[in-house]
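What follows is a set of notes on a single structure, which appears directly below.
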């Protein structure tokens, strides 16, 4: 308590020097009381002052300590006011008030006194800053801080961390801190520390164990090696899960791209080669929406779901009325004519917008990733697209199974003549089905805009794969499309690591060609009369 | 004698007459008329025409399977490119030690990639007879395997089209890889001589043009002969009513396979004639869009006529040369528009407008009528 008289005398001096108003303000703010002890020549006393700041739990502690560490925390010679220097260049430095962090104009460097620190204090400050976040109110921030400490613990931090562990309520934070300490113990050569680390997937833990496994102490090396083998096994599992995730993600994109194709295929009996360009239109709609609503990428993306559907559906109706209706019963000609349409649409986008790719912003709530454990994190945008694909699939299932339109579509697909005889207006069904299939392509485009570049070739890149999905899954069968799309996506991702992306694609294509041998009409062929169509 | 039967047809005699007359005229205008004269045909134009003629041969091959067998192949570019690569490999080996790196055996790109020896599939390509055999065998073999697998399991119609497209797409991806040993992205180029003739000399170029024209004439006669034979009649029956033909006791897949393989070999030949004239072969010839463009030539000219395919190939490629020179952006619009207009308004193509329809006389049905029934 020898500090107190000094503090009081200091305060007295201050009052005398700068007058009462400032003193009154300073007394109001506990921060002033925390900072004032720093204005001393004794490093030992400064150290105590730093301790006091840390223990105060003041929200501004971090900024103070950082400023102190960087030599930016300075004291006005005359008024005793603490300021943080923003930029120490030139004669007059812009400063902010150290208590309110509001702009305090400029001060001449002659008026300011730097709070100097020595190496011991610097070490204390660095340790303190590392531990400081462990006192944060939010559990998430404390976990973040604890994770950052892994591998960064030195002898000076052991004691503060122990103190934190004792007072910590969150088990996860405690576990991470124990691990951080264990890494430190491992580095010191303590074999028992391995037990605390086994099973962790953290990269720091692994590098520490790796280093330990090469140590000269045989006991330590053996323990570390076996722990590493354990971890490796877990990692393999994680990698498998990650591949599965990427495969499902790619598959969901394929499903989205192919499902509209499957719907229209059933009704028109031919393939719509312009389907890829309808996907492209959906993607460009997202881009256009974001141009219309600058600064609100999330809202624009949500709005572009209906907009993309409508734009593509409209284009689909135009294609159906303008071209396809004249080619009924001539599937190969339909294929050629729609290919012509796809060329025109591509070139249209190149001429009107640009041949260059356009970038679509990913809204904040879709970026980042979901961390399942330390070795496995799922990127959010892919997760959203996967969910979106499933929702679209379910919605289409409902439409086809539970609505009048679905019933009519299925009737026309199975037997056009008979359906018409039963009073179904086949032409109307054609238009609606085509609009539906094209609209779903638009939705696929909206989803794809979050995963890849939006450019004139976007549709082309996916069209052959979507054909393969339809061929693989069987025409006119939504379940077939889902299963085929997801499995092709997974197969592709599983093959990729050991075959390379291009070879994986070739293998998949060859696989489908061979698959057609066994099941010429896909995984889920249509049965009965429809099969002979 | 089935090979001479085509000569009895008026359409064939007319076609051959026009083709040979055109060949003679171009030769005459190139050789006899001095450069600078308005009627002079430059060597550049001769090579361009030679390129068109090789395309025309490819179109005839496509028409053979599409027009008379009802198989819309979207992968004939693959056979064309394979023939081209076989020729390209021969031409690469002919360069010898005159390449940039001066290696007597390895082509430049292999030296560049640090390969120390020739891959096994390059062996033998220094011999002309072997290379020319492979021009026919490589595409023929691919067509045989692919066709065997496809026709045996009765993959037809749109399915088959998509699968052929996947085939050429897969090959394109494969040939883009450097590890394949076919020059990757850049393909094979910098050719010097063919059978000892300098590829850059005017005489060789004229010779290549004439050779392509004669190959086209022979290919045309061969296709006509096949079509007019009994085998051709069965093919048409397969096209119009596959199930019925099968019930009549014909092994449909065998007819399909035979015609498909012949067509692939013709396409390979076309590719082999194309490569020395343009001086390069690269994986872009495998691209699906090229194959589907070939189908447009046939559709525009009129399918199931053979001469229509030639007309279509010449017209579209001439238009392409003009368009890409004058306004390159408009070409894809024009091409796309042609696809739509031809299929909607000109189902029988230009040949339909000419009203020269030999199948009427042969007594078979019209090409599109049968399709609607299946």
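Rule-based calculations on the coordinates, nothing more; no lab input. What you see is a predicted model, and the numbers here were worked out from it, not measured in a lab. Cβ placement follows ideal geometry from the backbone for every residue including glycine, while neighbour counts extend to all protein chains displayed.
What to note about this one:
- Euclidean distance of C-alpha centroids, region A:449-519 and region A:70-139, integer Å: 59
- Evaluated at q = 0.08, 0.11, 0.12 Å⁻¹: base-10 log I(q)/I(0), Debye formula over Cα of chain B: -0.41, -0.77, -0.92
- GNM top mover of B:198, B:240, B:108 - chain B, alpha-carbon springs below 10 Å: B:198
- Normalising the average separation of contacting C-alpha pairs (under 8 angstrom, six or more residues apart) by the number of residues puts the relative contact order of region B:5-373 at 31 percent.
- Contact order normalised by residue count of region B:7-80, Cα under 8 Å, 6+ apart, percent: 14
- Measuring r between the beta carbons of residue B:111 and residue A:211 and using R0 = 60 Å, the FRET efficiency lands at 0.85.
- By the count of neighbouring beta-carbon atoms within 10 Å, fewest first, A:56, A:252 end up ordered A:56, A:252.
- With R₀ fixed at 35 Å, the C-beta to C-beta distance from residue B:229 to residue A:397 puts the FRET efficiency at about 0.10.
- Projected-area average for region B:251-357 over all orientations - Cα convex hull basis, square nanometres: 8.4
- Size of region A:198-237 as Cα extents on the principal axes (Å, biggest first): 30, 16, 12
- Projected label points at residue B:21 and residue B:40, each 7 Å from Cα along the beta carbon direction, are separated by 2.7 nanometres.
- Mean separation of Cα contacts under 8 Å (6+ apart) over length of chain A, as relative contact order %: 15
- Helix A:331-352 vs. chain A, principal-axis angle (Cα, 0 to 90°, nearest 10): 40
- Given R0 = 45 Å, the distance between the Cβ atoms of residue B:318 and residue A:364 translates into a calculated FRET efficiency of 0.25.
- Computed over all pairs of different Cα atoms, the Kirkwood value for the hydrodynamic radius of the protein assembly as shown is 33.2 Å.
- Going by neighbour counts of Cβ atoms within 10 Å, the residues B:201, B:284 line up, fewest first, as B:201, B:284.
- Between the alpha-carbon centres of region B:161-236 and region A:249-328 there is a gap of 38 Å.
- 0 to 90° range, to nearest 10: angle between helix A:155-167 axis and chain A longest Cα axis: 70
- Per-residue Cβ neighbour rank within 10 angstrom, fewest leading, A:46, A:77: A:77, A:46
- Placing pseudo-labels 7 Å out from each Cα toward the beta carbon at residue A:461 and residue A:126 gives an inter-label distance of 4.5 nm.
- Gyration tensor verdict on chain A (Cα atoms; rounded if a/c is under 1.5, prolate if a/b is larger than b/c, oblate otherwise): prolate
- Cα long-axis angle, helix B:328-345 against chain B (0 to 90 degrees, to the nearest 10): 20
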